[in-house]
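My structure is below; once you've seen it, I'll send some questions.
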Amino acid sequence: MPTLDPVGAGDHVCWLVGPDDDFTATARAFAADGALFGEKVLLIGAPDTRWSPDGAPQGLLVDPVAERAGGAAWGAATMLDMVRQEAEAASRQGFRALRVLARMDRVWPGGVSPREIARHELDMDNLVLARTAVIVCAYHRSGFQPGTLEQAVGVHPHGLGTRAEMPGFRMYSAGTDCWSVSGVVDFEGAETFRTALEELVARSATVRLRCEDLALVDAAGMRALVDAACETPGRRIVVENADETFRRCWSLLGYDVPQIPVELAP
């Protein structure tokens, strides 16, 4: 998406913030839209950011760095719990939804691994399923390694930023233990794909992948699928709506065997 203007309840957006982006102006507009649409606003970031023209925050404002400096154990798990609690509170208080904008370099000021990003963002994606929240995770390029940014975008349904840094595929929640995969999983995105899948199989005995919008999976992508499925014993991945090309290549590569815990659903 070119701007944050069309986002609404149920959306989970990764914003790759570049050096030329006016973060402050965009944050102000995002918060103002929340007030306009009757949504409760939660802003996670630095306290010196001018979230509104007069400098006053429009909604709740939390700075993870300041919280940690004060002795609090503030991290990604804290953010997840806060968003969940505030979304429930917003519903009770009569708001249409909870509107969240988070500066992820403040959540992870010392850097973060691709696996940690996958875990956190997949959990956040589960929260928006009930359409009680709209969440924008702002990743400033200066605060993260390039490969980490690709991981971040791949596990968000929507992205805002430079097209060249967008991965070829997206994975997002489509229900309990069910995930939609779209786009292209090739050599460039295979490692990101595997990282996300490993996190999913670590938490669920059976993971369903809906692939009706998946255009292509090459040999590297299929290898990543196999490796992720075998990562944790006793787990299984069910691939739904795979096309005939996928099925034929899967068989030719020798993966259609009982030893590999991946099932291609009819």
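Read-outs throughout are calculated quantities, based only on the coordinates presented, and are distinct from any laboratory measurement. Just so it is clear, the model here is predicted, and its values are computed rather than measured. Quick reminder, even Gly has a Cβ in these numbers, built from the backbone with ideal geometry, and neighbours come from all protein chains shown.
For the range 108-197, what are the per-bin percents of Cα-Cα distances with bins 5 Å wide, up to the bin holding the maximum?
Histogramming the range 108-197 at 5 Å steps yields 2, 14, 27, 26, 19, 9, 2, 0 percent.
Only sites in a loop by DSSP and with at most 14 other Cβ atoms within 10 Å count here; which GluC sites (Glu not before Pro) in the range 203-266 make the cut?
Filter output for the range 203-266: E212.
Here's a follow-up. If eta is 0.692 mPa s and T is 37 °C, what Stokes-Einstein diffusion coefficient results for the range 184-234, Kirkwood Rh from Cα pairs, in µm²/s?
It comes out at roughly 295 µm²/s.
What is the set of long-range amide H partners of F169 at a cut-off below 5 Å, with H atoms built 1.01 Å from backbone N?
Amide H neighbours of F169, under 5 Å, 5+ apart: V184.
Okay, next question. Quick one: Debye curve from the alpha-carbon atoms of the chain only, equal weights, vacuum; give me log10 I(q)/I(0) at q = 0.09, 0.16 Å⁻¹ to two decimals.
After summing over all Cα pairs, the log10 values are -0.42, -1.17.
Something else about it: Counting helices only, and only those DSSP H runs with n ≥ 4, report the 222 nm mean residue ellipticity of the chain as the sum of -39,500 (n - 2.57) divided by its residues, in deg cm²/dmol to the nearest 500.
Rounded to the nearest 500, it is -11500 deg cm²/dmol.
Each residue of the range 253-259 in order: what ³J(HN,Hα) in whole Hz does its phi give by Karplus 6.51 cos²θ - 1.76 cosθ + 1.60, θ = phi - 60°, with x for Gly and Pro?
Working through the residues one at a time gives 7, x, 8, 7, 9, x, 5 Hz.
I've got another one for you. How big is the range 191-266 in terms of Cα radius of gyration and Dmax, in angstroms?
11.3, 30
Let me ask you something else. Have a look at E188, E39, E150 and tell me which one the Gaussian network model of the chain (Cα, springs below 10 Å) gives the largest fluctuation.
Fluctuation is largest for E188.
If you don't mind, there's one more thing I want to ask. Are there DSSP H segments in the chain that both extend 15 Å or more along their axis (alpha-carbon positions) and score a mean Kyte-Doolittle hydropathy of at least 0.0? List them, or say none.
Both cut-offs are met by 23-36, 219-231.
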